[in-house]
Amino acid sequence: MEKAAIFHDAQGAMVFETGVNAITLRFRSKHEDVAKAELLYGDMYDGPGSKDEWHPTVAKMKLILRSSSIDFWGVTVQLPKTRRLKYAFHLIASSGEEYLYDSHKIELYTADSLTHTAPFIVPYSYPNEAFKQPAWIQNTLWYHILIDRFANGDPHSDPEDVVEWRTKEPSNTNFFGGDLQGIKDHLDHFSALGVTGLILSPIFAAFSNHKYDAVDPYSVDPYFGRKENFKGLIEETHQRGMHVVLEIVLDHLMDFSLQWQDVRQKGENSDFFKWFIIDSLPIEYTPTDDPNFSTDISYQVKGNDPHQPKLNLHNAEVRHYLFDLIKYWIITFDIDGFKIMDPQEMDRSFLTALMQFVQKIKPGFCLMSETNSQTPALINNSILNAAVDQDVVHILRDYFVQKKINVAEMITALNDDMMKYKATSQKSLLLQLDGPYSARLMSLCEEDGQLDRLLLAFIYLLPMSPSLYYGTEFGLKGRRVPANRECMPWKASEQDQTMYRFIKLLGEFRSENNLILNEGSFNWVQFSNKNDYLSFTRSSNGKRIFALFNVGYGSIKFVFPPKSRLILSQNLLEEQNRIGHNGFVIVEAYKKE
């Protein structure tokens, strides 16, 4: 057995509560190195270190995820009455040797191993630690809207230079008149897709069409409507059982803000001087050919953009300003969450304080972000509630679209990503294959609708929440910004009706199988690098969903399990029981007893 491959992290996502007085423990091993594993556990104050020899309870562990190189094992057990646990692992290698794995070593398992073991420890665990994440987040199908490009519901709020809907190519500066009324007018559209959560681009008054550069974060941009329109939208979405999350920038202000302009004029005498992180005086930067880029700046900025000075989030006045702003939007409009832009620009202490603050105002409020290197720790410790898992998106693109990795490498990478998160936290991750800063899915797939649909079907089956970028359901195209921000095609003649029907079916499938897709186990079945296919199951309470995806250019044989029901398929030749290129089959079956 390769001891170097054995790994357990007692402080991370390999130990977590999964219910009332229940705790899950995991470890990792080389693929097929361990034939059997047992958890040895008991009260922290029993056994070695006390007068009595340790006689642990034994629980059989299950192989929960496997790939061509790594296996993950797991088990869920009850916490002792004292809510303190000590544990070690008994490993039986495929070659027959037995080992004891504790916090100090991996050694051969002998009759007296337990007399000198150094167990892993779970210190006192406070009740209900497992239930910090708002339950509604884990059962949500999301839809991300860039407001100016979604729908023009009230022409009276249009800017003077508004462009008639879909008559010109989108640019960084043109406005098409999308507004809050347009979103409200199409709530039935979201319901038809099975959507229960909306992510809105910023609504604050700003000069741009995307509004990520707020001028007045206390105002609704007049091109989008009035505050009454926003309040009415929130009320109606709530009546339909939907939730609304608003994108917001908290790490920096724009250089035209009153605070920054005051600093530019008064320097150290400005009341706002300590709001920003200024390295040296005078406040200046060296321009380049790109007006939004400089490497010679006397103050800290977002990226290398001299027009986006960073806020000092450790400053008490800055925190008071931001928290007051957040409180205003929650209390006044009853929104359900904020999606924080660029969370990597904020430290943990600020995010922790922010989470505590919003939960006092509205329990169950959602703080969301995009993933970065800090995200697993932030999600696992409930400092953030949810995140768009860009890591998984890149893994899927590398395999399905760009062919940079093979299927075995993809499965290994997906397993590693899933094991970064506690099972209770993983369900709060979002999978969004495209967005306002990336090429659209249809363009990524080189306008191959079958590959597009295959990828969407794949993410709807994973133990995470799918998220659609507006227009994906109609096959919108576009690569780099601003081409990926085209107006929503509301005329049937401009829509990909095949794609629309397919995404409606996916929404129905997700709704009908919500329990198994959110709570059920996930297991890889078969995969082949040579033939480029993979299969897996989702199982819960005797019910099983089996899925097979064929990315290879040859067809593969598929035999329907007994008593199975076809749910959804593509490129399935039923008379031959074969699946063609970019084909898949999803069936419902029953687990063998």
Wholly enclosed strands (runs of 3 or more DSSP E) of the range 61-173 bearing at least 2 residues open to solvent by less than 50 Å² (accessible area, probe 1.4 Å), closer than 30 Å to Asp389 by Cβ and in contact with a Leu (Cβ under 7 Å, 6 or more places away or on another chain): 70-78, 85-93, 142-145
The range 1-42 - residue that is within 18 Å of Ile106 (Cβ to Cβ) and out of contact with any strand residue (DSSP E or B) (no Cβ under 6 Å at 6 or more places or on another chain) and, of those, least open to solvent (accessible area, probe 1.4 Å): Asp33
From the options Asp213, Asp221, Asp262, residue that is modelled with pLDDT under 95 and buried (at least 16 other Cβ atoms within 10 Å of the Cβ): Asp213
Test set (1) open to solvent by 40 Å² or more (accessible area, probe 1.4 Å); (2) over 24 Å from Asn415 (Cα atoms) - Phe350 fails condition number: (1)
Test set (1) open to solvent by 20 Å² or more (accessible area, probe 1.4 Å); (2) at negative phi; (3) more than 18 Å from the chain's Cα centre (by Cα); (4) touching a residue at least 60 places away in the same chain (Cβ under 8 Å) - Trp329 fails condition number: (1)
Matching residues, the range 385-408, being of a type in the set (Asp, Glu) and in a helix (DSSP H, G or I): Asp391, Asp398
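Listed here are the residues, each with its yes/no results for (1) in contact (Cβ under 8 Å) with a residue 12 or more places away in the chain; (2) in a loop (DSSP other than H, G, I, E, B); (3) touching a Gly at 6+ places or on another chain (Cβ under 9 Å).
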{"residue": "Asp188", "(1), (2), (3)": "no, no, no"}
{"residue": "Ile199", "(1), (2), (3)": "yes, no, yes"}
{"residue": "Leu233", "(1), (2), (3)": "yes, no, yes"}
{"residue": "Gln259", "(1), (2), (3)": "yes, no, no"}
In the range 468-505, the residues that are outside any loop (DSSP other than H, G, I, E, B), open to solvent by 30 Å² or more (accessible area, probe 1.4 Å) and under 21 Å from Leu431 (Cα atoms): Tyr500, Arg501, Lys504, Leu505
Cβ-Cβ under 6 Å pairs, at least 6 apart or on other chains, the range 239-253 side over 15 Å from Cys366 (Cα atoms) and open to solvent by 10 Å² or more (accessible area, probe 1.4 Å), far side part of a loop (DSSP other than H, G, I, E, B) and not aromatic (Phe, Trp, Tyr): Val249/Met341; His252/Lys302; His252/Gln308
Where Ile283 falls short, out of the listed (1) open to solvent by less than 30 Å² (accessible area, probe 1.4 Å); (2) closer than 26 Å to Pro155 by Cα; (3) among the β-branched types (Val, Ile, Thr); (4) free of Cβ contacts under 8 Å to residues at least 60 places away in the same chain: (2)
Complete set of residues in the range 353-367 that are among the hydrophobic types (A, V, I, L, M, F, W, C) and surrounded by fewer than 23 Cβ atoms within 10 Å (Cβ to Cβ): Ala353, Leu354, Met355, Phe357, Val358, Ile361, Phe365
Qualifying residue in the range 517-527 (condition: open to solvent by 30 Å² or more (accessible area, probe 1.4 Å) and among the acidic types (Asp, Glu)): yes
Residue pairs meeting the criteria (Cβ under 9 Å; at least 6 apart or on separate chains; first closer than 17 Å to Ser171 by Cα and hydrophobic (A, V, I, L, M, F, W, C), in the range 455-480; second assigned to a loop (DSSP other than H, G, I, E, B) and open to solvent by 10 Å² or more (accessible area, probe 1.4 Å)): Leu476/Glu486; Leu476/Asp496
Those residues of the range 209-235 which are out of contact with any helix residue (DSSP H, G or I) (no Cβ under 6 Å at 6 or more places or on another chain), among the charged types (D, E, K, R) and more than 24 Å from Val162 (Cα to Cα), in sequence order: Glu235
Test: residue in the range 414-430 that is among the small types (Gly, Ala, Ser), in a helix (DSSP H, G or I), open to solvent by 10 Å² or more (accessible area, probe 1.4 Å) and in contact (Cβ under 8 Å) with a residue 60 or more places away in the chain: yes
Leading residue by the ranking (farthest from Gly182 (Cα to Cα)) among those in the range 212-225 that are out of contact with any strand residue (DSSP E or B) (no Cβ under 6 Å at 6 or more places or on another chain) and not in a strand (DSSP E or B): Tyr212
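The values are calculated or read from the model by the stated rules, or taken from the named source; none is laboratory data. No experiment lies behind these values; they were computed from the predicted model shown. Cβ sites come from the backbone with ideal geometry, for glycine too, and all protein chains shown count toward neighbours. Accessible surface areas use protein heavy atoms only, side chains included; no ligands, DNA or RNA. Shrake-Rupley method; radii C 1.70, N 1.55, O 1.52, S 1.80 Å.
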